[in-house]
Amino acid sequence: MRNSNNSLKLSVIALALSISYQVQADEMERDPILNVTEVIVVHGEKAAVTESATTHWSLNEEEIKATGAQSLDQLLKNVPGLYVRVGGQGSPRVDVRGFKARHVIYLINGVPANGAEDGQFDPSLIPASQIGSVEVSVGPTSVLYGPGGAGGVINIITKQGEDAPSLSGRLEAAEDNTFNGDISVAGSGDSWQGVINYSRQQTDGWPMSSDYNDTEFQQGDVRNNADKTLDNVYAQGSYLLSDNTQLMANMSFKQGEWGKPSRDGSGSGSAKFERVDDYQAKTFQLGLAHKFNEMFTLRGFGYYNQSDVLESQYKDDSYQAIKAQQDGRSTVEGGNLQFISNFDQAGIVTTAIIAEKQSWQSQALASSKSSKSGSGNGGGSGNGGGNGGNGSGNSDNFDDSAWLYTAALEYQYQADNYGVTLGGAFHDQDRVSESESDYSGQLSLYWQALEHTRINMGVARKVRFPSMRNLYAQSSGNTDLQAEVSQHFELGLLQDIGYSTELNIAGFYTDAEDYIAKDLAGTYQNMGDYAFRGVDLQLQNNSIDDLSMTFMYSFLDTEDKSAAETFQTLEYRPRHQLRFQAQYQLPFAMRINLNVERIMDQIYYAQHKVAGEKILVEQSLDDYTLVDLNLVQPLLEDKLELYLRATNLLDENYYQSESLPQAGRQVFIGLNWQI
């Protein structure tokens, strides 16, 4: 299942270097409707109606660079309504308006990137050096994205060859053998563009806060089992066969290994000693767009995403004796075809057909080998595998799949001062023993009431089908699960209030039925009726020369309507999030970027035994404040930049989950260069 990609990576890099001498052409003129990376149809210079009529946040390449972020998860901390947390799996997860990470659709150039096993995505695997922009849509998003996305949709648009330097790179280092680096080659011509990027992340772990006191499973200044190594090769390109026909392609290869830091023993939960001892992933995407005439356009893409993961559970915190292993493969493959009818002043109609196959294979292994890198052999009970009732194998092994089909129709109408989007979709999940069907719908509109005032409103019904893990995991799966259904309501205002200041505020209410979560026995169930209500606010000011300031605030109130009164607040969802960002350029060209984040009022439920029975007790996480600072000094006419960045500058000792301490102060020094 695992073959080394080293020779392929070297070949790709060699090819990239061999073409680096090519001079980039002027920016190519393309009709935006041919851009397959945008799922929502854009025609002409105006923004899509769907984006104007719903809450939509965008980070461009300049903003990404200013933050100093090194991976996608660090970038997403800068978006209102998003909460980036690290839980028991050791990987960053992005929650949106109270919905967990599995309710967020991730796209790379418009193509789905979520895994088949649990429907999640690790944003730390995407280096910032590959990203040209990030588009975040929340609330009543378009039906063209398919099922899921109750939290929102995050589309990562990679850098394009016509906009990127011919040859560029980055190197940075910090303590504990921490090293991040990448190199990119880009080129373009009259009818083509392309980028090839190689990046590497490595660390022996991250530092603990100086205020942290040693516990049973965490001693010393470096977080135990927090090492990570990841190599990533990515390439993308597009070619204009004619003024009306465009081809695009993407591919990536990743491999690495990392630890999952365990609970430190300070809480009620038990500690698990786990690692990802081998990770390999590959992605292939191919897209085509053809404009028949001014009225009709056909575009679509096919994709294949595969990840192989060898996860090991160890007997103790020495991480030497392996208790059990699971060798798993997640595969998502499919296609999306859109037929676009442009009726000019009468609007645009998009018809979409989506078919996707989600597969998950796992083999539980037992091993007596005393090495972190050993793969083990033989049989045993393990921690993975199938469900005895699904006819897919024995209790130690699992191999099954499901097809997901969508037929969607969306209409966009845009006048001089208002616009409307109306969409509907039918979804079907074809499982092993049965299938389930449901529908989604969306209506949104905006009104440019005044020159500097825009009001938007949206409603939607969304559906999320259970993942492979929800249905078939050995210890927690439930084949009787039904699809989650959520109702979304949103009202927003975009207001220019003068003095180069803009206010963007949105209020929302979401009702989620049959929400899938684990019960006290650890089995996935349709838990009941959840409600999320809140406000996202962003205030931007550029009234002072060379100074840009942004203030963000998110309020979230959660409710489990089916729970007892004392347990109606949902856990690990901050009630208040405040952020302040400022960027200032000094007279000698140095840029200063400051980011301050305050997270408040977050609860969780800990299990305690009383009279031999497990009961839940509400607990609160401490509020915390994080300060990040990035100093950049350009040299050699911006061909070289030296920078110094610090994360958690105040060395805050904080938790985002019970008994899982987070990183203390880290200081990085690095350089960016380009030719």
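Based on what the data block shows, is Ile669 of a type in the set (Val, Ile, Thr), more than 24 Å from the chain's Cα centre (by Cα), under 27 Å from Pro165 (Cα atoms) and surrounded by fewer than 17 Cβ atoms within 10 Å (Cβ to Cβ)?
Criteria met by Ile669.
Taking segment 456-492 on its own, how many of its residues are small (Gly, Ala, Ser) and in contact with a Leu (Cβ under 9 Å, 6 or more places away or on another chain)?
Count: 3.
Given the conditions (1) modelled with pLDDT under 95; (2) within 30 Å of Leu650 (Cβ to Cβ), and given that Trp258 satisfies all but one, which numbered condition is not satisfied?
Only one criterion is unmet by Trp258, namely (1).
Looking at (1) within 30 Å of Gln525 (Cα to Cα); (2) surrounded by 17 or more Cβ atoms within 10 Å (Cβ to Cβ), find the lone condition where Trp403 falls short.
Trp403 satisfies all of (1) within 30 Å of Gln525 (Cα to Cα); (2) surrounded by 17 or more Cβ atoms within 10 Å (Cβ to Cβ) except (2).
Run Gln285 past the list (1) under 26 Å from Asp31 (Cβ atoms); (2) of a type outside the set (A, V, I, L, M); (3) without any contact (Cβ under 8 Å) to a residue 24 or more places away in the chain and report the number of the one that doesn't hold.
(3) is the only condition that Gln285 fails.
Can you tell me which of Ser620, Ser562, Ser659 is surrounded by fewer than 19 Cβ atoms within 10 Å (Cβ to Cβ) and within 28 Å of the chain's Cα centre (by Cα)?
Ser620
Any idea which of Glu641, Glu618 is part of a strand (DSSP E or B), on the phi < 0 side of the Ramachandran plot and in contact with a Pro (Cβ under 9 Å, 6 or more places away or on another chain)?
Glu641
Can you tell me how many residues within segment 572-593 are more than 16 Å from Gly534 (Cα to Cα) and either in contact with a Pro (Cβ under 6 Å, 6 or more places away or on another chain) or in a loop (DSSP other than H, G, I, E, B) (or both)?
The total comes to 5.
Sort out which residues of segment 492-523 are free of Cβ contacts under 8 Å to residues at least 40 places away in the same chain, closer than 29 Å to Ser467 by Cβ and either touching an Asp or Glu at 6+ places or on another chain (Cβ under 9 Å) or assigned to a strand (DSSP E or B) (or both), and write them in order of number.
Residues satisfying the conditions are Tyr509, Asp511, Glu513, Asp514, Tyr515, Ala517.
Give the residue that is farthest from the chain's Cα centre (by Cα), with candidates limited to residues of segment 173-190 that are buried (at least 17 other Cβ atoms within 10 Å of the Cβ) and among the polar types (S, T, N, Q).
Ser188
Which numbered condition trips up Tyr524, out of (1) closer than 30 Å to Ala582 by Cβ; (2) out of contact with any Pro (no Cβ under 7 Å at 6 or more places or on another chain)?
For Tyr524, the exception is condition (1).
From the list Asp227, Asp221, Asp231, pick out the single residue that is closer than 23 Å to Leu167 by Cβ and not small (Gly, Ala, Ser).
Asp231 is the lone residue from the list that is closer than 23 Å to Leu167 by Cβ and not small (Gly, Ala, Ser).
I'd like to check which strands (runs of 3 or more DSSP E) are fully inside segment 121-236 and have at least 1 residues that are closer than 30 Å to Asp514 by Cβ.
Counting at least 1 such residues, we get 131-138, 152-158.
Residue by residue, here is whether (1) buried (at least 16 other Cβ atoms within 10 Å of the Cβ); (2) in contact (Cβ under 8 Å) with a residue 24 or more places away in the chain; (3) touching a Gly at 6+ places or on another chain (Cβ under 9 Å); (4) more than 30 Å from Asp638 (Cα to Cα) holds:
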position: Gln525; (1), (2), (3), (4): yes, yes, no, yes
position: Asn541; (1), (2), (3), (4): yes, yes, no, no
position: Asp545; (1), (2), (3), (4): no, no, no, no
position: Thr550; (1), (2), (3), (4): yes, yes, no, no
position: Thr569; (1), (2), (3), (4): yes, yes, no, yes
position: Arg573; (1), (2), (3), (4): yes, yes, yes, yes
position: Ile599; (1), (2), (3), (4): yes, yes, no, yes
position: Ala606; (1), (2), (3), (4): no, yes, yes, yes
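Filter segment 552-565 down to residues that are part of a strand (DSSP E or B) and either without any contact (Cβ under 8 Å) to a residue 60 or more places away in the chain or more than 30 Å from Asp514 (Cα to Cα) (or both), then give me how many there are.
5
The values are calculated or read from the model by the stated rules, or taken from the named source; none is laboratory data. Fair warning: this is a prediction, and the values are worked out from it, not measured in the lab. When we count neighbours, we look across all protein chains shown, and the Cβ atoms used for this are built from the backbone with ideal geometry, even at glycine.
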